[in-house]
1. Limited to the stretch 98-118, what total is found for residues that are out of contact with any Asp or Glu (no Cβ under 6 Å at 6 or more places or on another chain) and crowded, with 18+ Cβ neighbours inside 10 Å?
2. Within the stretch 58-65, identify whether any single residue is assigned to a loop (DSSP other than H, G, I, E, B) and loosely packed, with under 14 Cβ neighbours inside 10 Å, and answer yes or no.
3. Taking V93 as the residue in question, decide whether it is under 12 Å from the mean Cα position of the chain (by Cα), closer than 16 Å to E31 by Cβ and in a strand (DSSP E or B).
4. When you scan the stretch 26-33, do you find a residue that is touching a helix residue (DSSP H, G or I) at 6+ places or on another chain (Cβ under 8 Å), surrounded by 13 or more Cβ atoms within 10 Å (Cβ to Cβ) and among the hydrophobic types (A, V, I, L, M, F, W, C), even just one?
5. Can you name the number of the only condition in (1) part of a helix (DSSP H, G or I); (2) of a type outside the set (V, I, T); (3) at pLDDT 95 or above; (4) under 17 Å from W136 (Cβ atoms) that G26 fails?
Amino acid sequence: MKRFAFTVGLVVLVLGAPILAQTQTGSVEQELIKLVQDWMDAEVKADMAFLDQFIAEDCVITDPVGAVWTKAQFLSGLKSGEGAVISAVLDNVKARVYGDAAVVTGRMTARQTLKGQDISGSYQCTDTLIKKAGRWQCVAIHISKITQK
């Protein structure tokens, strides 16, 4: 009887582990998608405290024209009003988790200005995040403008 119980327990453990891992991964993916939405909301509100914590010090930001920005340059532009996000809507967001690293992709439709010019449009975004000290931080951002065909 003990042997049977042990065998059943082993089978449950072996078959249940992938299901548990998938559930945990699914919840991490949902956490990341929510975090990216919170990030967009923080840009609209110019919530510097959230952005400063979420964006890693060594983050590399590549904008739609290929210019590379540091975290300090990006935050300075938002803080000064040189760059302003009026609204941002995300869709088709997908997160892929690789241990303590993740890639989040999606489309952002935004109303925004840069140096007084309207740069509103739709953009495809790829964000690379890592988990450090128990929290997710963005270490790389790449944004490409989606042109109408």
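The values are calculated or read from the model by the stated rules, or taken from the named source; none is laboratory data. Computed from a predicted model, the values in this text were never measured in an experiment. As a convention, Cβ positions derive from the backbone with ideal geometry for all residues, glycine included, and neighbour counts pool all protein chains shown.
1. Within the stretch 98-118, residues that are out of contact with any Asp or Glu (no Cβ under 6 Å at 6 or more places or on another chain) and crowded, with 18+ Cβ neighbours inside 10 Å number 5.
2. Taking the stretch 58-65 as the starting set, the residues that turn out to be assigned to a loop (DSSP other than H, G, I, E, B) are 63-65.
Okay, now just the ones that are also loosely packed, with under 14 Cβ neighbours inside 10 Å, so 65.
So far as the stretch 58-65 goes, yes, one or more of its residues are assigned to a loop (DSSP other than H, G, I, E, B) and loosely packed, with under 14 Cβ neighbours inside 10 Å.
3. On the way: under 12 Å from the mean Cα position of the chain (by Cα): yes; closer than 16 Å to E31 by Cβ: yes; in a strand (DSSP E or B): yes.
Here the answer is yes, as V93 does meet what is asked.
4. Pass one, the stretch 26-33, residues touching a helix residue (DSSP H, G or I) at 6+ places or on another chain (Cβ under 8 Å): none.
No, the stretch 26-33 has no match at all.
5. In the conditions (1) part of a helix (DSSP H, G or I); (2) of a type outside the set (V, I, T); (3) at pLDDT 95 or above; (4) under 17 Å from W136 (Cβ atoms), G26 misses (3) alone.
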